[in-house]
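What follows is a single structure, written as structure tokens, with notes after it.
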Amino acid sequence: MRIALGLGCDRGTPLDTFEQAVTRALVEVRLRHGWAELQVVGMGSIDLKADEIGMLALACDRGWPLRFFTPQALAAVPVPNPSETVRRHTGTPSVSEAAALLVAGARGPEALLLEKLRVKGADGRNATVSVARAEPMNPGENA
């Protein structure tokens, strides 16, 4: 199954916290859907996080493409769990869910396989991961 990840975080979230969050998210998707094989086609977040060392290190370590989106692009994506707190801080009601859907090329929120999974690291910083089913690369291809 081809999937995309959306990431959100507190400023300065370390790589370890991102690793824990992504590992838990992938395990959760496997358990819920019974899929042994998951292929991450990419990750996404808000452009305000483009300098987050932990997020960049995760992309580098895993070899997964990482895309950043403007608050306006993320705000245009319908999501099941919008947050006024997130909107106040970023200008969009969703980062991880909307970014996962954009990277996945999904047509709607029903493509979300895992909504916001939040993990608090040992240092108290949070990482949030959402997972979406990626659209097939070619017509007729199974996702």
Percent relative contact order for the range 1-120, counting Cα pairs under 8 Å at least six residues apart, stands at 33 percent
How much length, in nm to one decimal, is gained on full extension between GLU37 and GLU84, taken as 0.36 nm per residue of separation minus their Cα-Cα distance? 13.4 nm
Provide the packing ranking of 82-91, 17-26, i.e. peptides ordered by the mean count of other C-beta atoms within 10 Å per residue, highest first. 17-26, 82-91
Considering only protein heavy atoms and a probe of 1.4 Å, how much of the accessible area of the chain is carbon and sulfur, as a whole percent? 51 percent
If one computes the Cα centroid of the range 9-82 and of the range 104-131, what distance in Å separates the two points? 7 Å
Measuring from its Cα centre, the range 52-143 shows a charge dipole (+1 at each Lys and Arg Cβ, -1 at each Asp and Glu Cβ) which, in debye to the nearest 20, is 220 debye
Report the charge-dipole magnitude of the range 64-118 in Debye, nearest 20, computed about the Cα centre from +1 at each Lys and Arg Cβ and -1 at each Asp and Glu Cβ. 140 debye
Of ALA50, VAL22, TRP35, which is farthest on the positive side of the dipole of the range 1-51, counting Cα position, with +1 on Lys and Arg Cβ, -1 on Asp and Glu Cβ, and the Cα centre as origin? TRP35
What length, rounded to one decimal in nm, is gained on full extension from ALA57 through to ASN126, with 0.36 nm per residue of separation minus their alpha-carbon distance? 23.2 nm
Can you give the direction-averaged projected area of the convex hull of the alpha-carbon atoms in the chain, in nm²? 8.0 nm²
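The values are calculated or read from the model by the stated rules, or taken from the named source; none is laboratory data. Here the structure is a predicted model, which is why all the values come from computation and not from measurement. Every residue, glycine among them, receives a Cβ derived from its backbone with ideal geometry; neighbour counts consider all protein chains shown. To get the accessible areas, we keep the full protein, side chains included, count just its heavy atoms, and leave off ligands, DNA and RNA. Shrake-Rupley method; radii C 1.70, N 1.55, O 1.52, S 1.80 Å.
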